[in-house]
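Asks: Take a look at the following structure, please.
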Amino acid sequence: MKDTENKLEACRSARSWAAKSFHTSFSQLLSTEQQISEALLRDQWLLELRKNPDLFPDGWYIPPLHGIGVLFGTEDNYQRMNYKSLRPEEIHPKEDILLNRKKGIVYVYASPVDKRTGMIGDWGMTIYFGKDPDIIKHLQQCLNLNYQVLDYAQAGMIFAHVTKYATNLFSQQNLSNQVTSTTDIAGVNIGHTVPASYEQWSPEELEVFKRNNWEEILKIISKKRKFLNPVEPLPIQPGMAFTIEQRLTRANNSRIPMSSFHTIALFHTDGKKELLTDFSEIFKLVGMDYMLTEK
């Protein structure tokens, strides 16, 4: 029990540092008059992320470089937001794509890994600098749906049932989920397990961690995930952590960009469940106070 809770705490801590380090780096850049490129924000964020000695120097989700995604668009030109995956080179952070501080839409993502436990603490969010009420409503709706999915999910329920419930929920609200993964046989999903949160690393996997072979470690983390998709029979268990990270578009309004809030659900050994968000300070920083309704 204690070991399981320690692993959940390692996941929480890694994720929290991803958010704090982003807040530090982004606030420093925003306080200047300089133009901010996707690559500049990534590099500044990486410097802050690496100040935590408990984390590996890079994230596990590579490519993109260092396991960090940064995408800039605007409410008038948001095609970079409507990506299928952060892995293709054309979606990696660019030096020549600059932040629009008045109408900008931003997606940021990092994938830190705790050295001691191998727990991942993925964190990501959509940021909006504009004032379009339809986009604001969409963002509020997207985050609220993460909570609705968690509210429905119960220990003993299989991932397939959770995913079908979520998909019906999206459909009822004229929303479509766009999350795909090259390692998910079902193609589309709403998230995945935090590997080894509810089970142990095998002796062979632990050996790879000890050798510090980063490429092999990445493969182990990636392959050990189970996805929240319509066919996965794995049941939710006490001590389990999994992501809720649907990326939602609005079928009846092409003006609305795809939006996502990457959260992690924790199912504690005492039966309690919670949703890790770590968004509030960034909402305050960029003037998204309308999103400050986190539970």
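Asks: Can you name every residue in the range 19-58 that is among the hydrophobic types (A, V, I, L, M, F, W, C) and in a helix (DSSP H, G or I)?
Replies: Of everything in the range 19-58, those that are among the hydrophobic types (A, V, I, L, M, F, W, C) and in a helix (DSSP H, G or I) turn out to be Ala19, Phe22, Phe26, Leu29, Leu30, Ala39, Leu40, Leu41, Trp45, Leu46, Leu47, Leu49.
Asks: Collect the residues in the range 64-84 that are more than 15 Å from Met125 (Cα to Cα), surrounded by fewer than 18 Cβ atoms within 10 Å (Cβ to Cβ) and at pLDDT below 95, keeping them in residue-number order.
Replies: Passing the criteria: Asp76, Asn77, Gln79, Lys84.
Asks: So, one more: Only one of (1) in a loop (DSSP other than H, G, I, E, B); (2) aromatic (Phe, Trp, Tyr); (3) within 18 Å of His192 (Cα to Cα) is not met by Tyr83, so which one is it?
Replies: Of everything listed in (1) in a loop (DSSP other than H, G, I, E, B); (2) aromatic (Phe, Trp, Tyr); (3) within 18 Å of His192 (Cα to Cα), Tyr83 misses just condition (3).
Asks: Going through the range 103-152 one residue at a time, which ones are among the aliphatic types (A, V, I, L, M) and in a strand (DSSP E or B)?
Replies: Selection gives Ile105, Val106, Val108, Ala110, Val113, Ile120, Met125, Ile127.
Asks: Are any residues in the range 14-40 of a type in the set (Ser, Thr, Tyr) and more than 20 Å from Arg116 (Cβ to Cβ), and if so, which ones?
Replies: Thr24, Ser25, Ser27, Ser31, Thr32, Ser37
Asks: Please give the strands (runs of 3 or more DSSP E) falling wholly within the range 230-279 in which 1 or more residues are closer than 20 Å to Ala155 by Cβ, at pLDDT 95 or above and within 20 Å of the chain's Cα centre (by Cα).
Replies: Per the criteria, 241-244, 259-267, 273-276.
Asks: Ok, one more. Condition first: more than 19 Å from Met240 (Cα to Cα), aliphatic (A, V, I, L, M) and touching a residue at least 24 places away in the same chain (Cβ under 8 Å). Can you find one or more residues in the range 143-157 that meet it?
Replies: Just the residues of the range 143-157 that are more than 19 Å from Met240 (Cα to Cα), to begin with: 143-145.
With aliphatic (A, V, I, L, M) added as a condition, the list becomes 143, 145.
If we keep only those that are touching a residue at least 24 places away in the same chain (Cβ under 8 Å) as well, we get 143, 145.
Yes, the range 143-157 has at least one match.
Asks: Tell me, yes or no, whether the range 11-20 has at least one residue that is in contact with a strand residue (DSSP E or B) (Cβ under 7 Å, 6 or more places away or on another chain), of a type in the set (D, E, K, R) and within 21 Å of Ser197 (Cα to Cα).
Replies: yes
Asks: Mind listing whichever residues of the range 106-123 are closer than 28 Å to Leu292 by Cα, out of contact with any Leu (no Cβ under 9 Å at 6 or more places or on another chain) and of a type outside the set (Val, Ile, Thr)?
Replies: Ser111, Asp122
The values are calculated or read from the model by the stated rules, or taken from the named source; none is laboratory data. The model shown is predicted, which means the values in this text are computed figures rather than measured ones. All Cβ positions, even for glycine, are placed from backbone atoms using ideal geometry, and neighbour counts span all protein chains on display.
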